[in-house]
Amino acid sequence: MKKNILILCGIAGVLALSGCTTNVANNTATGTTQSGTSGAVSEVTTGAVASGVIANGSRVQVDYTLRVESGGVLTVVDTSRESEATDEIKSAKSNIFAPLDFIMGGGQMLPAFEEELMGMKAGESKQFTLSAEDGYGGAYQSEWVNEELFQPIITQKVEKYQTTSVNTTYWTNNGKDVPQVGESVSDESVTGVVLSVNNDIVLVRIEVNFAEIFGSGFTEVGDVTEVNGNTVTLKSIDLDGITVDIDNSRSPFAGKEIVPGTTAEIPPATGTGESTIARIEKIEDGKVLLVYPSIPNTHPLAGKELNFDVMIVSVQ
């Protein structure tokens, strides 16, 4: 289990601008994770009674069909409905079909996909289209990041409880049973509770060990520490977590005009290897689209609009 969830791609994402080039195109709404794992959903109760409206933190089960244009015709490329599946899809899924089962805001789904579901209730249906940028991306790897990450000082709340996704192979490769929903898990100093098991991905709610991340002396307001070369100051503490100020002067975009077309050289995360060029493609609604023109997007659906037909099975 990864314990450094706030390091690199974590703390305000500031280090994402200095070497963490995540391909968000692989974080799909159809159960494909960043590692490219896909499969049947487990721990699903079809037809469960809804407990409310979809919001962040809701456990959602949703039937879906995904179509993309091929030869001028919309073709089904993935679905949870056996009646709409092609022979190729049936073979890939081993004839096991079930709704997606995920936690809203847990990092399993595309943000744009979750936005479309927000506010819906069990039994409701919807059709919508996501652009390539909001789906599998264009010809090159890209990611949307918050515009605040380009500020000289970044203030961020670090929650006491976080969620992290762990592939089931973490347990099976060690001869252990995959934990079930509600089961407690532990790995050295990290403990957590399983929120869902979905497409070979276990979503775990963990209690963050601030001392492990920031150092044991980072306990009082005003304390200063270094995280991967970034100066971090403890601004406030409450029951839900801590608020920190991050000196963003090491960002490759520091001092640059934050407008479409601006580029910056991103050093390798490990300090070895080749640097990567990042280009600001567009800015909208407080988000910045970064494109990495030296890293091709090899996903077969890159550049495709995603046409979804969904029906909410349950909300908990």
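Brief remarks on what is shown
- Residue count for region 58-108 satisfying the condition of being at pLDDT 90 or above, in a strand (DSSP E or B) and farther than 19 Å from Val310 by Cα: 1.
- Among the candidates Val315, Val310, the residue that is touching a Lys or Arg at 6+ places or on another chain (Cβ under 9 Å), of a type in the set (A, V, I, L, M, F, W, C), at pLDDT 95 or above and more than 28 Å from Val227 (Cα to Cα) is uniquely Val310.
- Whenever a residue of region 190-203 is modelled with pLDDT of 85 or more and in a strand (DSSP E or B), its partners that are of a type in the set (Lys, Arg) and buried (at least 20 other Cβ atoms within 10 Å of the Cβ), lying with C-beta atoms within less than 8 angstrom and at least six residues away or across chains, give the pairs Leu195/Arg59.
- Residues located in region 253-279, provided they are hydrophobic (A, V, I, L, M, F, W, C) and surrounded by fewer than 14 Cβ atoms within 10 Å (Cβ to Cβ): Ile258, Val259
- All positions within region 291-301 that are within 12 Å of Ser142 (Cβ to Cβ), out of contact with any Lys or Arg (no Cβ under 7 Å at 6 or more places or on another chain) and buried (at least 18 other Cβ atoms within 10 Å of the Cβ): Tyr292, Asn297, His299
- The residues on offer are Leu130, Leu117, Leu149, and the sole one that is under 21 Å from Val53 (Cβ atoms) and under 18 Å from the mean Cα position of the chain (by Cα) is Leu117.
- Within region 292-308, being assigned to a strand (DSSP E or B) and either in contact with a helix residue (DSSP H, G or I) (Cβ under 9 Å, 6 or more places away or on another chain) or closer than 30 Å to Ala55 by Cα (or both) holds for Leu306, Asn307, Phe308.
- Sole residue being crowded, with 20+ Cβ neighbours inside 10 Å, at pLDDT below 85 and small (Gly, Ala, Ser), chosen from Gly36, Gly47, Gly31: Gly31
- Number of positions in region 111-133 that are at pLDDT 90 or above and in a loop (DSSP other than H, G, I, E, B): 9
- Residue list for region 166-189, filter: surrounded by 15 or more Cβ atoms within 10 Å (Cβ to Cβ) and in contact (Cβ under 8 Å) with a residue 40 or more places away in the chain: Val166, Asn167, Tyr170, Val181, Val185
- Within region 110-127, restricting attention to residues that are surrounded by fewer than 23 Cβ atoms within 10 Å (Cβ to Cβ) and in contact with a Leu (Cβ under 9 Å, 6 or more places away or on another chain), the residue that is nearest to Thr79 (Cα to Cα) is Lys126.
- The residue list Val310, Val315, Val232, Val288 contains one member that is more than 30 Å from Val62 (Cα to Cα) and hydrophobic (A, V, I, L, M, F, W, C), which is Val232.
- Residue within region 108-129 that is in contact with a helix residue (DSSP H, G or I) (Cβ under 6 Å, 6 or more places away or on another chain) and within 22 Å of Asn198 (Cβ to Cβ) present: yes
- Some residue of region 207-222 being under 22 Å from the mean Cα position of the chain (by Cα), modelled with pLDDT under 90, under 29 Å from Val166 (Cβ atoms) and acidic (Asp, Glu): yes
- Qualifying position, being among the basic types (Lys, Arg), modelled with pLDDT under 95 and closer than 29 Å to Lys160 by Cα, among Lys304, Lys287: Lys287
- All conditions in (1) closer than 30 Å to Gly72 by Cβ; (2) in a loop (DSSP other than H, G, I, E, B); (3) more than 20 Å from the chain's Cα centre (by Cα) hold for Met311, with the sole exception of (2).
- Close pairs from region 292-307: first in contact (Cβ under 8 Å) with a residue 24 or more places away in the chain and farther than 24 Å from Gly261 by Cα, partner polar (S, T, N, Q) and surrounded by fewer than 16 Cβ atoms within 10 Å (Cβ to Cβ), Cβ under 9 Å, at least 6 apart: Leu306/Thr129; Leu306/Ser131; Asn307/Gln127; Asn307/Thr129
- Going through (1) outside any loop (DSSP other than H, G, I, E, B); (2) over 21 Å from the mean Cα position of the chain (by Cα); (3) of a type outside the set (D, E, K, R) one by one, Leu289 falls short only on (2).
The values are calculated or read from the model by the stated rules, or taken from the named source; none is laboratory data. Everything numeric here is computed off the predicted structure, so don't read it as measured data. Cβ atoms come from the backbone with ideal geometry, glycine included; neighbour counts cover every protein chain shown.
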